[in-house]
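Step one of this worksheet: look at the structure below.
The values are calculated or read from the model by the stated rules, or taken from the named source; none is laboratory data. Computed from a prediction, not measured in an experiment: that's the story for all the values here. So basically every Cβ, Gly included, is an ideal-geometry build from the backbone, and we count neighbours across all protein chains shown. Side chains are part of the model used for accessible areas, which takes the heavy atoms of the whole protein and leaves out ligands, DNA and RNA. Shrake-Rupley method; radii C 1.70, N 1.55, O 1.52, S 1.80 Å.
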Amino acid sequence: TSRTPYPREVTDALPTASTWERVVLMKGAQLGATEAGLNWLGYVAHHAPGTALLVMPSLDMVRRNTRTRIDPMIEATPALRELVAPARSRTASNTTFAKEFPGGALVMTGANSASALRSTPARYVMMDEVDGFPADVDGEGDPVALAIQRTVTFRGRRRIFLCSTPTIAGTSRIEAAFLEGDQRRYHVPCLHCGDMAPITWSRIRWPKNERNKAFLSCDACGGGMEETEKPKLLAAGEWRATAEGDGRTASFHLSALYSPFETWAEIAHEHNASKGDPARLRAWVNLKLGEP
């Protein structure tokens, strides 16, 4: 979080000491949402053991995620290495779809498998890329509702984390969940006048026909901030709620405009290239702005 401080408050809302029952992150692509969730699941295994359920859009995605992220995370983290049998042992306590540890287990399944969603009571649930879930799984209904049903016996002590890039306004699962929460946005200071505001597309400007020189403008004083100043902006930023919410959901919105791995100029060029192509423009809005 030294380079990407924005996931810190998201993960701080998830531990057992938190008062939030549900945490929602609506975001652009490649912003560390899955990693934040996996860090939380590591915390569960180490500090608050219980049954945790990780749901991804498909079983194939679970297999790939286990191989490329879960197993390497366990191997690279001494505290988790002591709790989970080595992946290479392929014992019943460590498989592609389950990682057991003292006092609990991480069970992983696809949203396209109704039997797994139906059979696992869980105190903790993480659902990744929920807008990619099928609308109905095996004729048994919404997989998000099925997964949440697994937590009912832990009401008051459960934690549910939903994250996704949104899709179509009005039908997006993550948009609906975000709107039920307190709708936090990451505010950064103007380096000229100190005004705090989110980084939005309307604030990205450039000299005529020079998108390579894209910068962030301040609506309060008109000052401009360069891409090279983004780390300073992020470090001084803070999440601020913009709605009252339902009292049990902490919801966050984050766009690719905050990413230290992608420049405002690159995003501006991609926006220009998508003009005249509705499908490509829709993807740009979803993936870059993190909006439906």
Quiz item: Cα gyration tensor of the stretch 149-292, axes a ≥ b ≥ c as square roots of the eigenvalues: rounded (a/c below 1.5), prolate (a/b > b/c) or oblate?
Solution: oblate
Practice problem: Any chance you could list P(r) for the chain, counting all Cα-Cα pairs in 10 angstrom bins from zero, rounded to whole %? | Solution: 6, 27, 32, 22, 11, 2, 0
Exercise. Find, to one decimal place in angstroms, the Kirkwood hydrodynamic radius of the stretch 158-215, where the mean of 1/r is taken over every pair of different Cα atoms and then inverted.
Key: 14.7 Å
Exercise. On the protein heavy atoms, probe 1.4 angstrom, tell me the percent of accessible surface of the chain carried by carbon and sulfur.
Key: 51 percent
Quiz item: Which FRET efficiency, nearest 0.05, do R240 and Q30 yield, Cβ-Cβ r, R0 25 Å?
Solution: 0.55
Quiz item: When Lys and Arg each count +1 and Asp and Glu each count -1, what net charge do the other residues less than 11 Å away from E291, Cβ to Cβ, add up to?
Solution: +2
Quiz item: Between Rg and the Kirkwood Rh of the stretch 95-191, both from Cα atoms, what is the Rg to Rh ratio?
Solution: 1.04
Exercise. Please work through the chain and write down the cysteines that have no neighbouring cysteine Cβ at a distance under 4.7 Å.
Key: C163
Quiz item: Label-point separation (nm) for S2 and D277, each offset 7 Å from Cα along Cα-to-Cβ?
Solution: 3.9 nm
Quiz item: Taking a probe of 1.4 Å, how large is the accessible area per residue of the stretch 6-45, in Å²?
Solution: 34 Å²
Exercise. Starting from the Cα of T171, step 7 Å toward the Cβ, then list every residue of the stretch 51-75 with an amide N under 19 Å from that point.
Key: 57-58
Self-check item: Charge dipole (the chain, unit charges on Cβ, about Cα centre) - positive-most of V285, A177, A52
Solution: A52
Quiz item: When only alpha-carbon atoms count, how far does the stretch 1-105 stretch along each of its three principal axes, as whole angstroms with the largest first?
Solution: 37, 29, 25
Quiz item: Under the classification rounded if a/c is under 1.5, otherwise prolate if a/b is larger than b/c and oblate if not, where does the stretch 13-63 fall, given a ≥ b ≥ c as square roots of the Cα gyration tensor eigenvalues?
Solution: oblate
Quiz item: Quick one: putting +1 on the C-beta of Lys and Arg, -1 on the C-beta of Asp and Glu, what dipole do you get for the chain around its Cα centre, in Debye to the nearest 20?
Solution: 440 debye
